[in-house]
Amino acid sequence: MAAAWQDVVRDAAAVREAAAVAVDAALLAGVLMRTGEQPNASDVVNYAPFTLLPSAVPRALFEQAYAVQQDFNLLVDAVSQNKEFLEQTLASTIKVDDFTARLFTIYKQVLEEGLAQTVFLGINRSDYMFDCGLQGAAALRQIEINTIAASFGGLTSRTADVHRLVLNVLGKSEEASQLLPNNPAKGLALGIAKAWELYGSQRAVVMFLVEDVQRNIFDQRCVENELWNRNIRVVRKRFRDVFEQGSLDASRRLYMDGQEVAVVYYREGYVPQVYDEQNWEARLLLERSRAVKCPDIATQLAGTKKVQQELSRPGTLEKLLPGHPEAIARIRATFAGLYSLDEGEEGDRIAATAIADPDRFVLKPQREGGGNNLYGEELREVLEKIKDSPERTSYILMDKIKPQPALNYLLRAHSPLQVSKCISELGIFGVYVRQGRELVLNQAAGHLLRTKAIEHADGGVAAGVAVLDTPFLV
């Protein structure tokens, strides 16, 4: 924790007053979520959970995370175009992971038919923690890269203003002035707008593909409204709507209810539970279309944990990014230890090591959305059960990051105000657009800091564990 907050954390009266101001400021600023009881109604809303105080983040690591984002955009795009690499890397996973296998089947089918899509849009978020390890000097370590439905770019665009006000109320006006401006919603919309423009039809719409349950609608609306402000029409549809209303013409243009769709922006489709046979058919229809998918199915596969683990192998980055030695060095400097559990001697050895010392590792399945990883005794139990089974290849192992906890207050509706020991995770949003072989846009689009109490091993804001935060650079 930055020394600047130590006096505040111990002043109960000041904390109570600041928390009341903070909650009202969040509601005024639109840091909002629908309620669990009425997830599809906007007439009853509450503030999205957030920290009372901005959290200290080492300036050098923050700048490092920004500096490497364009490199990660390049890498994700390169992986998505490399059929041989995806086939080899996911060969063992698709034998045991039905969800990844089904995505891969669509991927192959679309390639065999020939891609109708010529413009490609990537919106990803690379997530990091600050590993203090044994030496105590913090290092930036990548947790994962999200290539589909990377959320909270909208709400985090509004959170810094709340923290700025809180610091002012607490008499920390100098510190308040040091909080960085941050507007990922604008950056994400810029990428979508560029893809829409290159698609080349003024009449065509952008389609947000959304969940049945839409608690986090205001986060999406921030991006959506940026597009409306550019006179780009937006429609919101679910998979079932695509199944019932979607069609392709002879040129494989996508139509929904008679409206041509230029861009499909997925905020859904990253977990197996949402897919029944109709939804898989809808996904295939979208992937076969000329519309710009964000992400297309190859880019979704590029974000799997198995790909992340394979990228850390010596020599892999050099094959994927020839002629980019500086980018490779920047990327590699962020990697944590990642280990394959494929069948064979190497996988046997890694599994045995993790069973013997489970607190050193995290066991990760090929899933997005938070709350899926296994730690400690649970990790040991699962590995003991599957160590001699091909099922273990549906997971990867990663070194467990050891960040330095700090004190903060986590503000949640209907929860008591109490100080917690917390750890934070920094995400950097990246946006790129490629037309044919030419990369026409590649940039970092803003940041997201999420913070949670140390007793929660896993889970993000949407999963109900972490809260929104703002970095205070130290």
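From the list V274, V242, pick out the single residue that is buried (at least 17 other Cβ atoms within 10 Å of the Cβ) and in contact (Cβ under 8 Å) with a residue 40 or more places away in the chain.
Among V274, V242, only V242 is buried (at least 17 other Cβ atoms within 10 Å of the Cβ) and in contact (Cβ under 8 Å) with a residue 40 or more places away in the chain.
Output the number of residues of the range 336-352 satisfying the condition of being in contact with a helix residue (DSSP H, G or I) (Cβ under 8 Å, 6 or more places away or on another chain) and either over 27 Å from A101 (Cβ atoms) or open to solvent by less than 30 Å² (accessible area, probe 1.4 Å) (or both).
Matching residues across the range 336-352 total 5.
Within the range 245-257, can you find the residues that are open to solvent by 40 Å² or more (accessible area, probe 1.4 Å) and in contact with a strand residue (DSSP E or B) (Cβ under 9 Å, 6 or more places away or on another chain)?
Selection gives Q245, S247, L248, D249, R253, Y255, D257.
For the subset of the range 388-411 comprising residues that are open to solvent by 20 Å² or more (accessible area, probe 1.4 Å) and of a type in the set (D, E, K, R), which member is farthest from the chain's Cα centre (by Cα)?
D388
Regarding Q70, is this residue open to solvent by 60 Å² or more (accessible area, probe 1.4 Å) and at pLDDT 95 or above?
Numbers: open to solvent by 60 Å² or more (accessible area, probe 1.4 Å): yes; at pLDDT 95 or above: yes.
Considered against the rule, which asks whether it is open to solvent by 60 Å² or more (accessible area, probe 1.4 Å) and at pLDDT 95 or above, Q70 comes out as yes.
Being over 22 Å from R141 (Cβ atoms), out of contact with any strand residue (DSSP E or B) (no Cβ under 8 Å at 6 or more places or on another chain) and of a type in the set (G, A, S) is the filter here, so list the residues in the range 352-398 that pass it.
Matches in the range 352-398: A352, A356, S389.
What do you reckon, is F239 modelled with pLDDT of 95 or more and under 19 Å from L284 (Cβ atoms)?
yes
Identify the single condition in (1) assigned by the TED database to the domain that holds V465; (2) among the charged types (D, E, K, R); (3) open to solvent by 40 Å² or more (accessible area, probe 1.4 Å) that E310 does not satisfy, given that it satisfies every other one.
Of everything listed in (1) assigned by the TED database to the domain that holds V465; (2) among the charged types (D, E, K, R); (3) open to solvent by 40 Å² or more (accessible area, probe 1.4 Å), E310 misses just condition (3).
Is there a residue in the range 111-122 that is outside any helix (DSSP H, G or I) and open to solvent by 50 Å² or more (accessible area, probe 1.4 Å)?
Residues of the range 111-122 that are outside any helix (DSSP H, G or I), as a first pass: 114-122.
Those left that are additionally open to solvent by 50 Å² or more (accessible area, probe 1.4 Å): 115, 118.
Yes, the range 111-122 contains a residue that is outside any helix (DSSP H, G or I) and open to solvent by 50 Å² or more (accessible area, probe 1.4 Å).
Being of a type in the set (D, E) and touching a residue at least 24 places away in the same chain (Cβ under 8 Å) is the requirement here; does E174 meet it?
no
Give me the residue from the range 428-437 that is touching a residue at least 24 places away in the same chain (Cβ under 8 Å) and more than 18 Å from T159 (Cβ to Cβ) and, out of that set, surrounded by the most Cβ atoms within 10 Å (Cβ to Cβ).
Applying the filter and picking the extreme gives G430.
Which strands (runs of 3 or more DSSP E) sit wholly inside the range 161-274 and have at least 3 residues that are β-branched (V, I, T)? Break it down into steps so the answer makes sense when it comes.
On the way: elements: 205-209, 234-237, 246-248, 254-256, 259-266.
Ranges flagged: 259-266.
Only one of V21, V57 is touching a residue at least 60 places away in the same chain (Cβ under 8 Å), surrounded by fewer than 20 Cβ atoms within 10 Å (Cβ to Cβ) and of a type in the set (V, I, T). Can you tell me which?
Just one listed residue meets the conditions, V21.
Given the conditions (1) free of Cβ contacts under 8 Å to residues at least 12 places away in the same chain; (2) under 24 Å from V274 (Cβ atoms), and given that A91 satisfies all but one, which numbered condition is not satisfied?
For A91, the exception is condition (2).
Filter the range 366-381 down to the residues that are surrounded by 18 or more Cβ atoms within 10 Å (Cβ to Cβ) and at pLDDT 85 or above and list them by number.
Hits for the range 366-381 are N373, L374, L379, R380.
Would it be correct to say that E226 is acidic (D, E), buried (at least 22 other Cβ atoms within 10 Å of the Cβ) and at pLDDT 95 or above? Quick ask: steps written out before the conclusion?
Details: acidic (D, E): yes; buried (at least 22 other Cβ atoms within 10 Å of the Cβ): yes; at pLDDT 95 or above: yes.
Yes, satisfied.
Inspect the range 30-48 for any residue being open to solvent by less than 30 Å² (accessible area, probe 1.4 Å), part of a helix (DSSP H, G or I) and in contact (Cβ under 8 Å) with a residue 24 or more places away in the chain and give the result as yes or no.
no
Condition first: at negative phi and surrounded by 18 or more Cβ atoms within 10 Å (Cβ to Cβ). Now tell me which residues in the range 258-269 satisfy that.
Across the range 258-269, the qualifying residues are V261, A262, V263, V264, Y265, Y266, R267, E268.
For the range 438-455, name all the residues that are exposed (fewer than 15 other Cβ atoms within 10 Å of the Cβ) and modelled with pLDDT under 95.
Residues satisfying the conditions are I454, E455.
In the range 412-427, is there at least one residue being open to solvent by 20 Å² or more (accessible area, probe 1.4 Å), outside the structural domain of A262 (by the TED database), closer than 30 Å to D24 by Cβ and of a type in the set (G, A, S)?
no
The values are calculated or read from the model by the stated rules, or taken from the named source; none is laboratory data. In this text the structure is predicted, and so the values were computed from the model without any measurement. Positions of Cβ are generated from backbone atoms using ideal geometry, with glycine treated the same way; all protein chains shown enter the neighbour counts. These accessible areas exclude ligands, DNA and RNA; they are computed on the full protein's heavy atoms, side chains included. Shrake-Rupley method; radii C 1.70, N 1.55, O 1.52, S 1.80 Å.
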